[in-house]
Structure formats: structure tokens, C-alpha cells
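Everything below concerns the one structure shown next.
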């Protein structure tokens with residue numbers, strides 16, 4: 001647990017325990033069910049207004065290198081008129097950055113802690129939205145790499161990379177989209193809990209989140225276009241291979257035809273009586289094949 005005090009107080013709890021819940025019970029009259037939920041991961045984002053506090057569950061995407069996709073991280077908020085309590089189950093970069101800013105920058109501390117808790121909530125969530133935006137950098141880097149490599153004849157590799165990026169964009173979107181509804185709800189609930197002065201800050205959060213959603217949508221359209229382009233290249237490559245196999249099969253047709261004819265008893269007996277018959281037939285077949293190759297090359301089929 002770490003605490004930063006000012007006119008309002010921020011309490012940050014990592015990996016909550018029963019002792020932490022006992023502390024929160026003494027701090028404020030939080031409902032026991034709400035406190036019990038802090039020990040468990042929640043599958044949905046929500047904001048709830050109670051008589052003297054707000055309960056908020058916020059999810060943010062965190063990129064997992066081992067899984068090559070984004071996973072869900074959760075931050076629970078208990079918000080009173082004088083305290084903001086954040087509860088999370090792992091170390092989170094945006095909260096660590098904000099804590100260092102409050103500890104090392106007097107100006108930031110005054111901005112966040114000198115007014116009511118709505119201002120503190122604004123700066124915490126703004127830091128998490130900025131973190132979510134940074135989490136899209138690896139998507140941008142992957143798209144840049146695919147764009148540069150897609151025309152270098154490595155369609156199979158690009159197909160795999162495109163599939164990873166598509167899954168990541170989808171997982172990120174599943175995590176990120178519900179937060180837009182949550183922040184819009186927070187505007188309505190916050191106006192009643194604080195005052196109308198908080199509305200401008202809460203609406204600003206909605207706008208910042210919208211920028212993240214717009215970037216994500218742009219990346220989704222780009223990766224779909226790259227997938228279509230790569231699919232066309234792969235199809236063209238497959239068609240070229242099939243065309244060559246067809247041509248090679250046609251080139252060997254004269255040889256197979258001669259062999260089939262020679263298997264007829266009458267023809268076989270006749271050819272056996274002729275001098276140099278084997279070599280004549282072999283050379284003739286080779287000449288036919290070479291002639292066909294020349295014709296195909298002139299036509300541009302080879």
C-alpha cells in the first residue's frame with residue numbers, strides 16, 4: 001500500500017489482502033459486498049453510485065510478449081469526497097508513473113490533490129488512457145514491418161504476422177471499447193456526486209479515450225487491407241506454381257505418348273527390326289520437348 005496526501009488523499013493498494021479490506025472498513029462505510037469484490041477479478045467494467053462513494057471498475061489493455069496479444073488488466077476505484085482508493089492485482093506502469101510524478105513534481109501534486117477527488121480521478125485515468133495509447137505502438141511497428149516486407153516474396157511469413165496483429169487488434173478492441181461506455185456513464189454519475197465543475201474534466205477523458213478508439217480503428221483497416229493484399233500475392237504465387245506444373249506435365253506428354261505406343265506388340269516388333277530405333281525415338285522426343293519449351297518461352301508462359 002502506498003499513500004499520497006494533500007487536500008485529498010490517494011491510496012494505492014497492490015494485490016489486496018484481508019488486512020487491506022479491514023483497513024478500508026475503518027476508513028469509510030463501504031458495503032461488504034463491494035469490499036469482497038476487490039479480492040477478485042471482475043469480467044466487466046462498471047461505475048456504481050452509492051450514497052457517499054462511487055465504485056468504479058476500469059480495464060486497460062496490456063501487451064503480453066509471450067502470447068503476442070493484449071490481455072486485460074483491472075483497476076478498481078473507491079471514490080469518496082476526500083479519498084481515492086485504487087486496487088489492482090499486478091504492478092501497472094501508469095500507476096507507477098503517476099505515483100512518481102506526485103512524489104517528484106510539486107506542480108503535478110498541486111494539480112491532482114489540491115482540489116476535490118474528481119480532479120485526482122481525472123489525472124489517474126488520463127495516465128491510464130495515455131498508457132493504452134502507448135500500448136498501440138507495437139501494433140504500429142508491426143504494421144510498418146509488414147508494409148515493408150509484404151512485396152519481398154515472403155507471403156507465408158507475412159500471413160502469420162498479419163494473423164498475430166489481427167488477433168491483437170481484436171483483443172485490444174474487446175478490452176478497450178467498454179471503457180468508452182464506462183467513461184460516458186462516469187460523466188453522468190460524476191455530475192451528481194461532485195458538482196458541475198467536474199463535467200469538463202470527465203468529458204475530456206471521453207475525448208481522450210475516443211482518440212485511442214480512432215487509432216485502433218485505423219490500424220484495423222490497415223491490417224485488413226494488408227491481409228487482402230497478401231492474400232492476392234499468395235494466390236498469384238500459387239497460380240504461377242500451378243501454371244508451371246501444368247506446362248511441365250504438357251512437356252512430358254510426348255515422351256509418355258511414345259512410351260505408350262511402343263508398348264503395343266505390333267509397334268514394338270516393328271521398331272525392334274529397325275536399326276537405331278531406340279536412339280531415333282529418344283532424340284525425336286527430346287527435339288519435340290525443346291521445341292515446345294522454345295514456343296512457351298516466346299509466348300511468355302515460362
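Just wondering, is there one or more residues in the range 125-138 that are modelled with pLDDT of 85 or more, surrounded by fewer than 15 Cβ atoms within 10 Å (Cβ to Cβ), over 30 Å from residue 101 (Cβ atoms) and within 16 Å of the chain's Cα centre (by Cα)? There is no residue in the range 125-138 that is modelled with pLDDT of 85 or more, surrounded by fewer than 15 Cβ atoms within 10 Å (Cβ to Cβ), over 30 Å from residue 101 (Cβ atoms) and within 16 Å of the chain's Cα centre (by Cα).
All of 153, 197, 207 fail the test of being under 27 Å from residue 6 (Cα atoms) and either over 24 Å from the mean Cα position of the chain (by Cα) or surrounded by fewer than 15 Cβ atoms within 10 Å (Cβ to Cβ) (or both), apart from 197. Scanning the range 1-46 for residues that are part of a loop (DSSP other than H, G, I, E, B) and touching a residue at least 60 places away in the same chain (Cβ under 8 Å) yields 6, 7, 8, 15, 16, 44, 45. Going by what's in this entry, would residue 141 be described as within 18 Å of residue 232 (Cα to Cα), assigned by TED's automatic domain parsing to the domain that holds residue 215 and in a helix (DSSP H, G or I)? Taking the combined requirement at face value, the residue does not satisfy it. Restricting attention to the range 18-28, the residues that are surrounded by 12 or more Cβ atoms within 10 Å (Cβ to Cβ) and out of contact with any helix residue (DSSP H, G or I) (no Cβ under 8 Å at 6 or more places or on another chain) add up to 4. Being under 24 Å from the mean Cα position of the chain (by Cα) and either in the same structural domain as residue 219 (by TED's automatic domain parsing) or under 22 Å from residue 195 (Cα atoms) (or both) holds for only one residue in 118, 103, 45, 52, and it is 45.
May I ask you to verify whether residue 42 is at pLDDT below 90, touching a strand residue (DSSP E or B) at 6+ places or on another chain (Cβ under 6 Å) and surrounded by fewer than 19 Cβ atoms within 10 Å (Cβ to Cβ)? Yes: the conditions hold for residue 42. May I ask you to verify whether residue 168 is surrounded by 15 or more Cβ atoms within 10 Å (Cβ to Cβ) and in contact with a strand residue (DSSP E or B) (Cβ under 9 Å, 6 or more places away or on another chain)? Criteria met by residue 168.
Note on the range 156-165: residues that are surrounded by fewer than 20 Cβ atoms within 10 Å (Cβ to Cβ) and touching a residue at least 60 places away in the same chain (Cβ under 8 Å) total 3.
If you go through the range 57-74 and keep only what is in contact with a helix residue (DSSP H, G or I) (Cβ under 7 Å, 6 or more places away or on another chain) and part of a strand (DSSP E or B), you end up with 58, 59, 60, 61, 63, 69, 70, 72.
The values are calculated or read from the model by the stated rules, or taken from the named source; none is laboratory data. All of these numbers come straight from a predicted model, not from anything done at the bench. Methodologically, a virtual Cβ is constructed for each residue, glycine included, from the backbone with ideal geometry; neighbour enumeration extends over all protein chains shown.
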